[in-house]
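These notes concern the structure reproduced below.
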Amino acid sequence: MADYKELAQVIFPDITQTVADLEKKYPKRALKEGAMVTRFAPSPTGFLHTGSLFSSFVSYRFAKQSGGIFYIRLEDTDTKREIEGSAEALVAQLKEFDILPDEGYFGDNKEKGAYGPYQQSKRATIYAVCIKHLIEQGRAYPCFCTADELAELRKMQEARKIIPGYYGPYAKYRDFPIDAVIAKIKAGDPYIIRFKSMGNHENKIFFHDEIKGDLELTENDQDIVILKSDGLPTYHFAHLVDDHFMRTTHVTRGEEWLSSLPIHLELFDTMGFERPKYAHYPVIMKMEDNRRRKISKRKDAEASVSFFLEEGYPKYGFLEYLLTIANSNYEAWRETHLDADYLDFELRFDKMALDGALFDLAKVQSISKERMAYRSAVDLCEEVKEWAKVYQKELYEKITADESYFISILNIERNKEKPRKDYAKYGDIYPMIGFFYDDVYETIDLDALPWNEQIERGEIKACLMDYAASMQMDLSEEEWFASLKQLALRHGFSDNVKEWKKNKAAFKGHIGDVSEFLRIALSGRKNAPNLYYIIQILGEQKVKQRIKQVVSTL
Ligand code: GLU
């Protein structure tokens, strides 16, 4: 009679390495006490999801703040669902947010680190070594069931109202005679490999999750598939082997994996591998009609990281926002550490939301606005230029043609205690400041300017002509405003809004109206940055030129 060892040899005749060899090849990492090894393990089945950016950023920070290692592992065993180019895009998008792995998969089949290969499709031998070991121990076996047989089993279980699945008495090949199994294999019958569970679903197991706390779970009793017919492992088995031999200390992943945790714990124990710590992240939710729901790639633009990149949300604003949903104490910390780098904040598992993190686009915008307002114009110019190079060619050309002009525009009311908070993203800038460029100004329909209809066009014209004739460039902001008040008075407008309110009949309007004439004439809009600076930046010639053009339409 053949034994398990022989069976293992029939299935894996070429595997000569042992689990002990792998232990030696991938030794425990020499890191300081408390250093975490975390990973991001995307499947190349689509583009980066905001939820994945959240988990990779948080995992990355946990590794970095503890002096540990963060790596990327490409989980590419589901060849049917793979989308060409998505692995490269994932890595590139993480890079845009400065999530730079210490080791792992770097895109384009490149990788770095001593614990690889980091692409699951290249680890077939390593999985085979471990599965061979389990077969030798009588803890894994080939299963020859066809899809029809499994469907039949399920139907029967449903009809009898018993727990569905392949386990215990329903596991046809679990205790099949080894000789018969070998004969089937030799005859070429197709099979997959299953794990032989020793669990019982009537038992409870107790487990501590770093985020969820103490959990009571149902023991696994399913003989799950560990090796598929294509020779690649299932997620469960790859997780066991990879996180063990890559020496992950903290398995950080989405809470959708919590229900399979009992399988994973049994696998770790059966292999005699030390269990890693687990931290199951909350799902990213959004409010809709007063109800929470998962953000979805199909329904929500903000579910794709590319949305934030295209719109030009600055990474420091977006990542800071992610910290606010990661840890409930982040905002309080920020209030007392106004000038600190957000990377100085120490993330903690026990401060993470338990029941879904709420995503709020308005808050992303307000944080970005706040942060962008305090960037120096020079730094902001660099960021916008990099972004515009990819997403807004027209602006990119303008910036590169005259960088100091663009910087002076960005500088308007910037370096002060309470700077202007105009932009929530790079994409907001050009529509707001395009008028500074003549070719954009030329596209404005001067016959449709938003003039105040209460004031006769002739009055507007007179004020504008007077301004062009009397303007002086070398005035301070106060002096300039004083001169504008003089101009207002000369034309029968009050130089004081309060005064005007008290006696409206005595005036044609007030100083605010006069500055609005100029603002509209120079920018085409009622809302534009500080008028004094618009004039300073445009310069005398352009101001006169634009007024002349506008006056001709009045
Ligand atoms: N490839 C798995 C996924 O994309 C990774 C889960 C994990 O982090 O272990 O969901």
Which of the aspartates and glutamates could be linked to LYS508 by a straight reach, that is with a Cα gap under 20 Å, when you skip same-chain ones fewer than 8 residues away? GLU453, GLU456, GLU459, ASP466, ASP495, GLU499, GLU516
Sequence-separation-based contact order of the chain, relative, with Cα cut under 8 Å and 6+ spacing, percent: 11
So how long is each side of segment 260-325 along the principal axes, counting just the alpha-carbon atoms, biggest first, in Å? 49, 30, 21
So if I take the alpha carbon set of segment 53-196, get Rg, then get Rh from the Kirkwood formula, what is the Rg over Rh ratio? 1.11
Viscosity 0.692 mPa s, temperature 37 °C, Stokes-Einstein D of segment 437-514 from Kirkwood C-alpha radius, µm²/s: 235
Only four residue types carry charge here, +1 at the Cβ of Lys and Arg and -1 at the Cβ of Asp and Glu. Report the dipole size of the chain about the Cα centre in Debye, rounded to the nearest 20. 580
Quick one: which residues, 5+ away or cross-chain, put their amide H under 5 Å from the amide H of ALA279? H built at 1.01 Å from N. GLU210, VAL251, THR252, ARG253
Taking a crude spin-label model, label points 7 Å out from Cα along the C-beta direction, the ASP360 to LYS95 distance in nm is 3.5
Using the Cα centre of segment 323-479 as the reference point, and only Cβ charges (+1 on K/R, -1 on D/E), how large is the resulting charge dipole? Debye, rounded to the nearest 20. 620
Let me know the Kirkwood hydrodynamic radius for segment 1-129, please, with Cα pairs as the basis and the value in Å to one decimal. 16.4
Taking the Cα-to-Cβ direction at LYS112 and at ALA147 and moving 7 Å from each Cα, how far apart do the two end points lie in nm? 4.3
Enumerate the aspartates and glutamates that LYS294 could reach by cross-link, defined here as Cα to Cα under 15 Å, with residues fewer than 8 away along the same chain left out. GLU255, GLU256, GLU302, ASP355, ASP360
Distribution of pairwise C-alpha distances over segment 165-259, 10 Å bins, in %: 13, 34, 35, 15, 4, 0
Taking segment 131-191, the whole-percent share of alpha-carbon pairs separated by over 14 angstrom is 62
In whole angstrom, and with the biggest value first, how far do the Cα coordinates of segment 64-147 range along each principal axis? 47, 32, 20
Considering amide H positions built from the backbone, and no H for Pro or chain starts, which residues 5 or more places from ASN496, or on another chain, come under 5 Å of its amide H? ILE511
For segment 323-455: lysine pairs under 21 Å (alpha-carbon distance), excluding those fewer than 8 apart on one chain: 18
With contacts defined as alpha carbon pairs under 8 Å and 6 or more residues apart, what's the relative contact order of segment 163-298 in percent? 21
How much length would be gained if the chain were fully extended between HIS208 and THR45, taking 0.36 nm per residue of separation minus their Cα-Cα distance, in nm to one decimal? 55.6 nm
For the Cα atoms of the chain, what angle does the longest principal axis make with the long axis of helix 361-373, in degrees from 0 to 90, nearest 10? 60
I need the per residue convex hull volume for the chain, using only the alpha carbons, in cubic angstrom as a whole number. 210
Cα axis of helix 457-470 to longest principal axis of the chain: angle in degrees, 0 to 90, nearest 10? 90
Taking segment 270-403, the equivalent ellipsoid from its C-alpha gyration tensor has semi-axes in Å, biggest first, of 32, 20, 17
For a paramagnetic label modelled at 7 Å from the Cα of LYS504 toward its Cβ, which residues of segment 428-468 fall within the zone defined by backbone nitrogen distances under 18 Å? 452-457
Let me test this: with uniform point scatterers at the alpha carbons of segment 328-423, what is the Debye-based log₁₀ I(q)/I(0) at q = 0.13, 0.16, 0.19, 0.25 1/Å? -0.62, -0.84, -1.02, -1.32
Can you give the extra length, in nm with one decimal, that the chain gains between THR218 and GLU88 once fully stretched, where that is 0.36 nm per residue apart less the Cα-Cα distance? 42.9 nm
Students often forget the sequence filter, so: which lysines lie under 22 Å Cα-Cα from LYS172 once same-chain residues fewer than 8 apart are removed? LYS5, LYS132, LYS155, LYS161, LYS184, LYS186, LYS196, LYS228
Based on the Kirkwood radius over alpha-carbon pairs, what is the Stokes-Einstein translational diffusion coefficient of segment 412-554 at 4 °C with 1.567 mPa s viscosity, in µm²/s? 81
Between ALA124 and ILE185, with labels modelled 7 Å along Cα→Cβ, what's the label distance in nm to one decimal, could you check? 1.6
Rounded to 10°, Cα long-axis angle of helix 511-523 versus longest principal axis of the chain: 60
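All of the numbers you see were taken from the coordinates with simple rules; none came from a lab. Treat the numbers as computed from the prediction; the structure is a model and nothing was measured. Using ideal geometry, Cβ is built from the backbone for each residue, glycine included, and neighbour counts are taken over all protein chains shown.
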